[in-house]
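Laboratory data are not the source of any read-out in this text; all were calculated from the coordinates shown. From a predicted model like this one, the values you see are computed outputs, not experimental measurements. Cβ coordinates were reconstructed from backbone atoms using ideal geometry, including for glycine residues, and neighbour counts include every protein chain displayed.
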Amino acid sequence: MTNDNEDDAGATVEGKLGDVWEDTLIIAFRDLQWRQWLSDLKEARKHGDEKKVAELDLLGPDDLHKLDGNAESLFGDVLTKREGRYFVLEFKSARSEHKAEHTKTMFNKVSNYLVAAEEPARARLIELSTPCHFGVFGTRIVRGEANRPTLEQNVVGSSTPAILNAPRMGNLAIEAHKYLDWIHVRNRGWLALKPNELVTQPEMRQLYIKALRIIVGMSPSLRAKMEGITDSIYSPKRRDLASLMWGEEHEQAGADAKMYIEYLTLLTEVVGGDLKTPITLLAVVGTTIYYWTTSVANLPHTLNYWNQLSKKVHEQTAAQRVAAQGGHKPSARSTRTFP
């Protein structure tokens, strides 16, 4: 039986599984990134890719930048990447918690933009947001009591007798919707209001709904994205977050650096923020923790620095390998210094 995180049908009071919080999901996602790093490292060693091994060994797992303050208000909870594919992630403890976004400035500003913008600008926002901006949530998969998963079976083996008094366990999936789908679901609920229900709404909402009804009929880009969307959060297609990050190539999502910067710039402008709003990032390189402050305006500088750092690791590794073999140090592929 698959339930949202907040559901636990049939559980006894003693065995009821508690809630999973947003920060818990972020930590679990970070653990998955570490697991993927170990897998990448093992694969690189298996194929004798010394350059990749050196880079992975020094730089560690993929970036995960937890945002707070004004930066979180502009974008969401987390900025992350995978092999040149960039993401903006908004975490919720459960799928039903998407409603908590309804009061947020970014959610409502983007919603208003989808109605008020000219069609080319609206279509561009949708195009930029679709591959990289996701709402992420936990989905609890509770097994029946007879075959519930146990930790010792996973660690030791399925043939191992269950340990007495083992805690009731369930599997937790981390899944995702396109962030814009959360807006579409809210809007479908408003579009479904009957005339007598509409007049009871605040005046500004009435005006918005009337405009939305017109725009949905006129806008090819918005109409296409709202097709199949109902006022239930169960209508949007959900994706496994791991498949978006590390799945087969056809499953992967993310924006390249150019589109990512364009999207964050547009999102900042739509929300009415400042492109110089400080964004503090953090990375662990080797055993040292570094942090620095950038902004959307300076983000190209930061991404370029990180790419140059990776190249330097490759060059250094190649030079060390040639030196160890008694050869000569090759010339650097790039003479560009760090920004």
Exercise for review: Rank-order 111-122, 288-299 by packing density, defined as the average count of other C-beta atoms within 10 Å over each peptide's residues, highest first.
Suggested key: 111-122, 288-299
Study note, to complete from the structure: By the C-alpha gyration tensor axes a ≥ b ≥ c (rounded if a/c is under 1.5, else prolate when a/b exceeds b/c, else oblate), the shape of the range 162-321 is oblate
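Per-residue counts of other Cβ atoms within 10 Å, averaged by peptide: what ranking do you get for 33-43, 75-85, highest first? List each step's numbers first, then the result.
Numbers: 33-43: 14.5, 75-85: 19.0.
In descending order of packing, they fall as 75-85, 33-43.
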Review point. Pairs 104/178; 66/312; 46/312: which exceed 25 Å Cα-Cα?
Key: 66/312
Point to revise | Extension reserve of the residue 258-residue 191 stretch, reckoned as 0.36 nm per residue once the Cα distance is removed | key: 20.6 nm
